[in-house]
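Some notes on the structure that comes next.
The values are calculated or read from the model by the stated rules, or taken from the named source; none is laboratory data. If you're wondering where the values come from, they're calculated on a predicted model, not measured in any experiment. We place every Cβ from the backbone using ideal geometry, glycine too, and count neighbours over all the protein chains shown.
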Amino acid sequence: MKVYITCPVSHTDNRLNILPEIKSVVEEVGMEPFVFQIGGTPEEIFNRDYNELKNSQIVIAEVSERSHGVGIEIGLSYHLGLKRILLLERGQYVSKLAQGIPDTVIVEYESIVDLRTKLAKTLGQISIG
C-alpha cells in the first residue's frame, strides 16, 4: 500500500523534522512511503504531487499549521478516493471541514514517541479494515 506523506512548509519549516519519523513508521508497518518534495515550478509541483496522489491509497498529512498546499492535497485525496490520516499536535486546530471528510482519521499527539505509537496503530487498523 502506497502512502503519500505531507506537511506545511510555506510559512515555517517546523514540521519538516517530523517527516522522517512518519516515513519510518510507514516502512515499519510494511507500506511504501512517498514524502512530498520541495522545489520546482508551480506546474511541476502540481503535476508531481497529483501523480503521486493518484498512485497512493493513503495520505498522511501533518496539519498542526495552516497550509493552502496541504489543504489542496487533502481535497484531492478525497476526490481520488484515498483514506486520510491527519496528524495534529495536541492544542492545535484543524478546520471542521477537514475533520468532516469521510475516511479521515485524526491522530492527536503530544510528542514524537506518541506520534509514532499512535500512527503505527492507526496504519495497522487501516490496512486490516
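Structure data summary
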item	result
Condition met for ARG66 (surrounded by fewer than 14 Cβ atoms within 10 Å (Cβ to Cβ), closer than 18 Å to PRO8 by Cα and either out of contact with any Pro (no Cβ under 6 Å at 6 or more places or on another chain) or among the aliphatic types (A, V, I, L, M) (or both))	no
Sole residue being at pLDDT below 95, part of a helix (DSSP H, G or I) and not aliphatic (A, V, I, L, M), chosen from GLU21, GLU65, GLU27	GLU21
Any hit, the stretch 74-90, residues being in contact with a Leu (Cβ under 6 Å, 6 or more places away or on another chain), in contact (Cβ under 8 Å) with a residue 12 or more places away in the chain, in a helix (DSSP H, G or I) and of a type in the set (A, V, I, L, M)	yes
Residue match in the stretch 49-60 (condition: surrounded by 14 or more Cβ atoms within 10 Å (Cβ to Cβ), of a type in the set (S, T, N, Q), within 20 Å of LEU80 (Cβ to Cβ) and touching a residue at least 40 places away in the same chain (Cβ under 8 Å))	yes
Any chance LEU53 is farther than 22 Å from GLU89 by Cα and either in contact with a strand residue (DSSP E or B) (Cβ under 6 Å, 6 or more places away or on another chain) or of a type in the set (Phe, Trp, Tyr) (or both)	yes
